[in-house]
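All remarks here apply to the structure that follows.
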Amino acid sequence: MSMIVRRLSRAATAGLVAAAALTAAAHSAEAADTLGSAAAGQGRYFGTAVAASHLGESDYAATLDREFSSVTPENEMKWDATEPSRGSFTFTSADRIVDHAQSQGMDVRGHTLVWHSQLPSWVSPLGAQDLRTAMNAHINGLMGHYKGEIHSWDVVNEAFQDGGSGARRSSPFQDKLGDGFIEEAFRTARAADPAAKLCYNDYNTDGVNAKSNAVYDMVKDFKSRGVPIDCVGFQSHFNSNSPVPSDYRHNLQRFADLGVDVQITELDIEGSGSAQAADYTKVVEACLAVSRCTGMTVWGVTDKYSWRSGGTPLLFDGDYNEKPAYGAVLSALGGSGGPGDPGDPGDPGDGASCTAMYTRTADWSSGYNGQVTITAGAEPISSWTATVTLPAQQSVSSLWNGTPTWSGNVMTVRPSWNGPLAAGASTSFGFTAAKNGSDAAPTVGTCTAS
Ligand code: 9MR
């Protein structure tokens, strides 16, 4: 099937599944806090790496669907998986993940376009000019297929060496094309999908060190010369040999100060119990302290499928039980059990709750008006937060009676003047959206009250 036909059919499918998601979301409007909804309350996404092969396991899918607002295919978008022979793209497994995510109203991170690892064997022997052509064709093939459907792409992954030198890592791209391959990849990526945030992603760059300094210098240079880069991903694979650095937050902030977003892209922390929970808290608090830290992704749903399963580094154990680290993350995100949260015993405002209901109040060929009605539960509330996830193509041109913040296509709306509500009373906010080819309804998530 040609690329263009496949692209059209991806967009059509996305519209259908987004409409289905609205029904599912209506039921969860009063659900208890989850990682995704708590993070949305902070204007962030909370994601996980996902393997297509596990989606058929009901506990895996249930935990994924309940807790997370963004997914990263763990291996399915890599070069060896998507272009195993030159010019012949296969998207079956990656499409499964993207379709699943969209059916649940989740965003998708793209991982990864240009990386020295998981390269099919035909790439390395190419001569310089041929390699350049192949690299650009690969970027165009992936980004074209998923155009408008990926909130952030890891355009280049792990291009710097470990250790003290701050040098570039040897790879077919580096060795044949020189430093300029990274810039070229970003320029090609911008043209391929102008709506996607373009990230550089790496590990052992989480604190200030020679490697992160080298990445910092590259980003600074890109910004000064207008090379298109929007974000830096910090993988954040931690264990006792590589603990959460004490200057983690400072490091995130210095990158943000260059004018890029920062994202925590592959978080896992080996350990267990309260020590692991405390480390997770440090990471979440660091992200929340940096306004341009737009979201966090853990590198898997459950310990049993982690690439470091022996180190039990994730938030759910092998039976999908919440670990202490889960509670710590939820609490740090301001979810149930956190200080000041409606669920926190003894807090004023205990029992505060609200529901959010969406209706389309006007409709025309290129756009529509949506209205979300917020209704307080059995107790008066002083404020509320509601999330609205728009189909990827759509954009909002104006919003009234509320204050929006954006993360990808997730709009988190707080009151402008209309926070306090008597028990059972309602208010509403409205918005105008451009359809841009998708007539699907947005998904309204959990309403949080205080
Ligand atoms: O988790 C991924 C694992 O399943 C693969 O076997 C491995 C192969 O290289 O890649 C793992 O994911 C890596 C990610 O793509 C880039 N950063 C490091 C991750 C952990 O190795």
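Brief remarks on what is shown
- LYS197 vs. criteria of a type in the set (D, E, K, R) and within 18 Å of VAL262 (Cα to Cα): yes
- Considering residues of segment 71-127 that are of a type in the set (Val, Ile, Thr) and in a loop (DSSP other than H, G, I, E, B) only, the residue farthest from VAL155 (Cα to Cα): THR90
- Of all residues in segment 282-314, those being among the hydrophobic types (A, V, I, L, M, F, W, C) and either within 16 Å of the ligand (Cβ to nearest atom) or more than 20 Å from the chain's Cα centre (by Cα) (or both) number 6.
- The lone criterion from (1) over 22 Å from the mean Cα position of the chain (by Cα); (2) more than 16 Å from the ligand (Cβ to nearest atom) left unmet by SER121 is number (2).
- If only residues of segment 377-402 that are outside any loop (DSSP other than H, G, I, E, B) and buried (at least 23 other Cβ atoms within 10 Å of the Cβ) are counted, the one that is nearest to the chain's Cα centre (by Cα) is THR389.
- Failed criterion for ALA62 (all others in (1) surrounded by 16 or more Cβ atoms within 10 Å (Cβ to Cβ); (2) under 30 Å from TRP406 (Cα atoms); (3) out of contact with any Ser or Thr (no Cβ under 9 Å at 6 or more places or on another chain) hold): (1)
- Screening segment 284-340 for residues that are among the charged types (D, E, K, R) and crowded, with 19+ Cβ neighbours inside 10 Å and picking the one that is nearest to CYS199 (Cα to Cα) gives ASP303.
- Among the residues of segment 267-312, those that are closer than 30 Å to TRP406 by Cα and in a loop (DSSP other than H, G, I, E, B) comprise VAL290, SER291, ARG292, TRP299, GLY300, VAL301.
- Inclusion of GLU83 among residues that are in contact (Cβ under 8 Å) with a residue 40 or more places away in the chain and away from the ligand (no atom under 14 Å from the Cβ) is warranted.
- Scan of segment 42-67 for residues that are in contact (Cβ under 8 Å) with a residue 40 or more places away in the chain and assigned to a loop (DSSP other than H, G, I, E, B), ordered by number: GLN42, GLY43, ARG44, ALA51, LEU55
- Flag set for LEU126, criterion: surrounded by fewer than 19 Cβ atoms within 10 Å (Cβ to Cβ) and either of a type in the set (Gly, Ala, Ser) or over 30 Å from ALA441 (Cβ atoms) (or both).
- Applying the condition of being touching a helix residue (DSSP H, G or I) at 6+ places or on another chain (Cβ under 6 Å) and among the hydroxyl-bearing types (Ser, Thr, Tyr) to segment 403-450 and asking which residue is surrounded by the most Cβ atoms within 10 Å (Cβ to Cβ) yields THR448.
- Any hit, segment 56-71, residues being within 16 Å of the ligand (Cβ to nearest atom), over 12 Å from the mean Cα position of the chain (by Cα) and acidic (Asp, Glu): no
Every read-out reported here was derived from the displayed coordinates using simple, explicitly stated rules and does not represent laboratory data. Keep in mind the model is a prediction, meaning the values are calculated, not measured. When we count neighbours, we look across all protein chains shown, and the Cβ atoms used for this are built from the backbone with ideal geometry, even at glycine.
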